[in-house]
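Undergrad: Attaching a single structure in C-alpha cells format; questions to follow.
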Amino acid sequence: MAEVPGSSGTAGRRRAVPAPAAKPTSRVRMSAAQRREQLISIARQIFAERGFDATSIEEVAARAKVSKPVVYEHFGGKEGLYAVVVDREVRALLDRITTALTAGHPRELLEQAAMALLGYIEEETSGFRVLVRESPLMSATGNFSSVMNDVAHQVEHILGAEFKSRGYDPKLAELYSQALVGMVALTGRWWLEVRKPRKETVAAHLVNLAWNGLSHLESKPGLITVRGR
C-alpha cells in the first residue's frame with residue numbers, strides 16, 4: 001500500500017493509503033451451441049466413469065459450473081443427454097470403421113477393421129466405455145451390440161461375394177460375419193483394460209486366427225463328436 005506524509009504527529013511518520021481495488025474479471029459467456037458441446041463433453045466423461053445409473057444431472061451441472069435448469073433446457077433430462085452422447089459415439093465408431101475399409105482383399109479388410117476398432121478404443125477410450133456399458137434405458141439401436149451388428153452387415157456383403165467365388169453357400173456369410181466381428185469386438189473389450197500387447201500385435205493375432213481358419217474352410221463342416229456316433 002502507498003504511504004503519504006501525515007499532517008501532524010511525529011516527523012517522518014507516514015499514513016498508509018489503500019491501493020485501488022482490482023477490477024473484477026468478466027466471465028466469457030458461452031453461446032448456446034458452445035454450452036451444449038461443453039455439457040456433452042462433460043457428460044461423456046462422467047458416463048464413461050460411472051455408467052448411466054450413477055451419473056446425475058447435478059454433477060454434470062456442477063462440473064460445467066451452471067445450474068441444473070441449464071442442462072434440462074438443452075437435453076430435457078439425463079435420458080436425453082445420454083442418448084445424445086451414445087448417438088455421437090455410435091456414429092463416430094461406424095464412420096471410423098467404414099472409412100477404414102478400403103482394401104480389395106478380404107484379409108486386408110479384416111486387418112483394417114480390427115485396427116479401426118482398436119484405434120478407436122485407444123484414442124476414444126471414454127467414448128468406448130460409454131458404448132460398452134449397456135443401459136436398460138436404451139433401445140436395441142443405441143448400444144455397442146447394435147454398432148457391431150451394423151459393422152457385421154458390412155462384413156457380410158464382403159464375405160458373401162468371397163463365399164460365392166469359392167463355391168461356399170453365401171447364405172452363411174451372415175453367420176461368419178457375426179463370428180468375426182464378435183471375435184474382434186470382445187477382444188477389444190478385453191484389451192480396453194489390459195492394453196497389452198500393442199494394438200498392431202493384437203490385430204495381427206486376430207487376423208492370423210481368423211484368416212488362417214478361413215483359408216481352409218470346409219464347404220460342409222461337421223462336429224467330430226457327432227460324426228463318431
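Undergrad: Can you give the accessible area per residue of region 86-215, in Å², using a 1.4 Å probe?
TA: Details: 6660 Å² over 130 residues.
Each residue of region 86-215 exposes 51 Å² on average to a 1.4 Å probe.
Undergrad: While we're on this one: Specify the inter-centroid distance of region 144-200 and region 101-125, based on alpha-carbon positions, in whole Å.
TA: So the separation of the two Cα centres works out to 11 Å.
Undergrad: Show Val70, Val151 ordered by accessible area, largest first, where the area counts protein heavy atoms only and the probe is 1.4 Å.
TA: My answer, sorted largest first, is Val70, Val151.
Undergrad: Mind checking the log10 I(q)/I(0) for region 182-225 at q = 0.16, 0.22, 0.30 Å⁻¹? Debye, one equal scatterer per Cα, no solvent, two decimals.
TA: -0.55, -0.78, -1.07
Undergrad: Residues of region 160-192 with amide nitrogen under 14 Å from the 7 Å Cα-to-Cβ point of Lys220?
TA: From region 160-192, the list is 168-169.
Undergrad: Something else now. Run the reach check for Lys199 against aspartates and glutamates, Cα to Cα strictly under 15 Å, same-chain hits fewer than 8 apart removed. What comes back?
TA: Those aspartates and glutamates meeting the cut-off are Glu111, Glu122, Glu123, Glu124.
Undergrad: Something else now. What aspartates and glutamates could a cross-link reach from Lys65, if we take a straight Cα to Cα line under 20 Å and drop same-chain neighbours fewer than 8 places away?
TA: Glu37, Glu49, Glu73
Undergrad: Quick one: P(r) of region 88-127 from all Cα-Cα pairs, 10 Å bins, percents rounded to integers, in order of increasing distance.
TA: Cα pair-distance distribution for region 88-127, in percent: 33, 51, 16, 1.
Undergrad: Expressed as a fraction of 2.2 N^0.38 Å, the rule-of-thumb size for a compact globular protein of N residues, what is the C-alpha radius of gyration of region 64-179?
TA: It is 1.33.
Undergrad: Can you list the aspartates and glutamates whose alpha carbon is less than 12 Å from that of Lys68, not counting same-chain residues fewer than 8 positions off?
TA: Filter leaves Glu58, Glu59.
Undergrad: Let me ask something additional. Considering only DSSP states other than H, G, I, E and B, which trypsin sites (Lys or Arg not before Pro) in region 154-223 qualify as loop sites with at most 10 other Cβ atoms within 10 Å?
TA: none
Undergrad: I would also like to ask the following. Based on the Cβ-Cβ distance of Leu209 and Ser41, what FRET efficiency does E = 1/(1 + (r/R0)^6) give at R0 = 30 Å, to the nearest 0.05? Could the numbers behind the result be given before it?
TA: On the way: r = 37 Å, r/R0 = 1.24.
For R0 = 30 Å, the calculated efficiency reads 0.20.
The values are calculated or read from the model by the stated rules, or taken from the named source; none is laboratory data. Not measured: the values here are computed from a predicted model. Note: ideal-geometry Cβ built from the backbone for every residue, glycine included; neighbour counts use all protein chains shown. Protein only, heavy atoms only, side chains kept; ligands, DNA and RNA dropped before computing areas. Shrake-Rupley method; radii C 1.70, N 1.55, O 1.52, S 1.80 Å.
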